[in-house]
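Have a look at the structure below before the remarks.
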Amino acid sequence: MREMKKGDFAFFYHSNCKPAGIVGLVTVVKEGYPDHTQFDEKSLYYDAKSTPEDPRWFMVDVKLVRHLKRLISLDELKPFKQDKLKSMMLLNNTRLSVQRVSTQEWEFILALEDQEVPEKNPAQKQ
């Protein structure tokens, strides 16, 4: 997040739900600054190793640009892991909450928005 600049665009991704996926586009309206919850001992996000002089966690402020026409799920993106999205960090390390997206990946994912939702393969794990 420290590298995100005002005016950068990003996907808004729901990660802690089923199905996980991209639901919208946002733009950065305030560049990275220390996340205050890391210093609050009562917070679930308290980090004893972080100090105001040397913060470990940053956040940015974003503004909704638009909702996608439909959710583009992680499961929908996975089949492209060996091809169009082979370098996409989301498909190689799903624990990262903020990741770079190349122009090629961005355009490919946005093109999926206008396609029909693929039918779920019954052999796929639920």
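Quick note: the coordinates plus some simple rules give every number you see, no bench work behind them. In this text the structure is predicted, and so the values were computed from the model without any measurement. All Cβ positions, glycine included, derive from the backbone under ideal geometry; neighbour counts span all protein chains shown.
Counting only DSSP beta bridges with both residues in the chain, tell me the antiparallel percent, nearest 5. Could the numbers behind the result be given before it?
Numbers: 17 of 17 bridges.
The antiparallel proportion sits near 100 percent.
Starting from the exponent 0.38 and prefactor 2.2 Å, build the expected Rg for the stretch 1-69 from its residue count and divide its actual Cα Rg by it. Can you show the working numbers first?
Numbers: Rg = 14.3 Å, N = 69, 2.2 N^0.38 = 11.0 Å.
After normalising by residue count via 2.2 N^0.38 Å, the value is 1.30.
Trypsin sites (Lys or Arg not before Pro), restricted to the stretch 57-91: which are DSSP loop and have at most 14 other Cβ atoms within 10 Å?
On the way: sites: Lys63, Arg66, Lys69, Arg70, Lys81, Lys84, Lys86; in loops: Lys81, Lys84, Lys86.
For trypsin sites (Lys or Arg not before Pro) across the stretch 57-91 that sit outside H, G, I, E and B with at most 14 neighbouring Cβ atoms in 10 Å, the list reads Lys81, Lys86.
Can you give the relative contact order of the chain as a percent, counting alpha carbon pairs under 8 Å and 6+ residues apart? Let's see the in-between values first.
Numbers: 176 pairs, mean separation 26.7, N = 126.
Relative contact order here is 21 percent.
Please compute the net charge surrounding Ile72, taking Lys and Arg as +1 and Asp and Glu as -1 over other residues with Cβ under 11 Å from its Cβ.
On the way: positive: Lys69, Arg70; negative: Asp75, Glu76, Glu113, Asp114.
Counting the neighbours of Ile72, the net charge comes to -2.
Name the lysines eligible as straight-distance cross-link partners of Lys69: C-alpha to C-alpha under 23 Å, and not fewer than 8 places from it in the same chain.
Within reach: Lys18, Lys78, Lys81, Lys84, Lys120.
Rounded to whole Hz and in sequence order, give me ³J(HN,Hα) for the stretch 44-55 from the Karplus expression 6.51 cos²θ - 1.76 cosθ + 1.60, θ = phi - 60°, writing x for Gly and Pro.
5, 9, 4, 10, 4, 7, 9, 10, x, 6, 9, x
Rounding to the nearest 20 debye, state how big the charge dipole of the chain is about its Cα centre with +1 on each Lys and Arg Cβ and -1 on each Asp and Glu Cβ. Mind showing how you got there, number by number?
Values: 20 positive and 19 negative charges, 49 e Å.
It works out to roughly 240 debye.
Would you work out which of Ser102, Leu74, Ile22 lies farthest towards the positive end of the dipole of the chain, given +1 charges on the beta-carbon of Lys and Arg and -1 on that of Asp and Glu, about the Cα centre?
The residue sitting most towards the positive pole is Leu74.
Let me know the Kirkwood hydrodynamic radius for the chain, please, with Cα pairs as the basis and the value in Å to one decimal. Intermediate values should be presented prior to the final figure.
Details: mean 1/r = 0.0609 Å⁻¹.
The Cα-based Kirkwood calculation yields 16.4 Å.
Please work out the Cα center distance from the stretch 1-42 to the stretch 61-94, rounded to the nearest Å.
15
Rounded to the nearest 10 degrees, what's the angle between the helix 103-112 long axis and the longest principal axis of the chain, both from Cα atoms, 0 to 90?
The angle comes out near 50 degrees.
Rounded to the nearest 500, what is the 222 nm mean residue ellipticity of the chain from helices alone, with -39500 (n - 2.57) per DSSP H run of 4+ residues and division by all residues?
Values: 3 runs with 18 residues, N = 126.
It lands at -3000 deg cm²/dmol.
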